[in-house]
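Inspection log for the structure reproduced underneath, given as structure tokens.
The values are calculated or read from the model by the stated rules, or taken from the named source; none is laboratory data. This structure is a prediction, so every number in the text was calculated from the model and none was measured. Virtual Cβ from ideal backbone geometry, glycine too; neighbours counted across all protein chains shown.
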Amino acid sequence: MILGISKTNRSPIRNQDFIWVADYYDGTYLSEFDFTTFKSNNFYGINKEKLIRFGLIGQGTQFYFDVGNGVFTLDKHRISVSYRTKDNEYPLTGRTLVYNDIITYKNAVADANIFNRSEKSELKSFITQYSIGYKKRMDLSGANINFYCLFCLPYRDSMHMKIKISSDIDLDGYLVFRRNGKIVDEVYSPLLEKRTGMIDWNIK
């Protein structure tokens, strides 16, 4: 459970169902909107050196990852990822590394009736997806891996992970997804030297 917002799993503002929260090791936190004043905080104000968890809260749920190992907790289910070849399995999450190069953004659309001359056109925007994650460079058994991993929470589609991965050597293998320690999917994902592979994986 995210430390700083253990008292609530709901956004403090009406026009945004989810907000990001950064938890720090000293028990403090920074949230996208203050729970008392409702004022917004800047993402670039997050202290990455103190960060232990980063995630989203809203609608009575929490979605976050642990900075110490990169493992995602999605409404109490832990999702981890590795890359398995014939000879090795490369753990992309679950290692004692620091995954604090964090990412978050929102997808949105705007709607306006520009052809209605009788009324002043009003531009209305709607959030269609929230995303949180990180990017990490790691050395795994002789392969230098660049790993970009996002959890995506869309309004009208399935929750999914967006993964970009590259290696400095050719690798012929599978992305392995585990939920609560058990394998739930394996996706054949050969990697060519210094080329990036991308996949959207629907969470199972």
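Numbers for the structure displayed
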{"item": "Candidate set from segment 35-61 (those that are among the hydrophobic types (A, V, I, L, M, F, W, C) and part of a loop (DSSP other than H, G, I, E, B)); member that is farthest from ASN9 (Cα to Cα)", "result": "ILE46"}
{"item": "Matching residues in segment 145-197 - criterion: being over 25 Å from VAL67 (Cα atoms) and of a type in the set (Ser, Thr, Tyr)", "result": "TYR155, TYR188, SER189"}
{"item": "Contacts under 9 angstrom Cβ, first residue in segment 167-196 being under 17 Å from SER141 (Cα atoms) and free of Cβ contacts under 8 Å to residues at least 60 places away in the same chain, partner among the small types (Gly, Ala, Ser) and exposed (fewer than 14 other Cβ atoms within 10 Å of the Cβ), 6 or more apart", "result": "ILE169/GLY142"}
{"item": "Given (1) modelled with pLDDT of 95 or more; (2) under 15 Å from the mean Cα position of the chain (by Cα), index of the condition GLN62 fails", "result": "(1)"}
{"item": "Every pair of residues 6+ apart whose Cβ atoms lie under 6 Å, when the first sits in segment 92-106 and is part of a loop (DSSP other than H, G, I, E, B) while the second is basic (Lys, Arg)", "result": "TYR99/LYS136; ASN100/LYS48; ASP101/LYS135"}
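Okay, residues lined up against (1) within 29 Å of ASN144 (Cβ to Cβ); (2) loosely packed, with under 15 Cβ neighbours inside 10 Å:
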| residue | (1), (2) |
| --- | --- |
| LYS39 | no, yes |
| GLU49 | yes, yes |
| THR73 | yes, no |
| ASP87 | yes, yes |
| THR93 | yes, no |
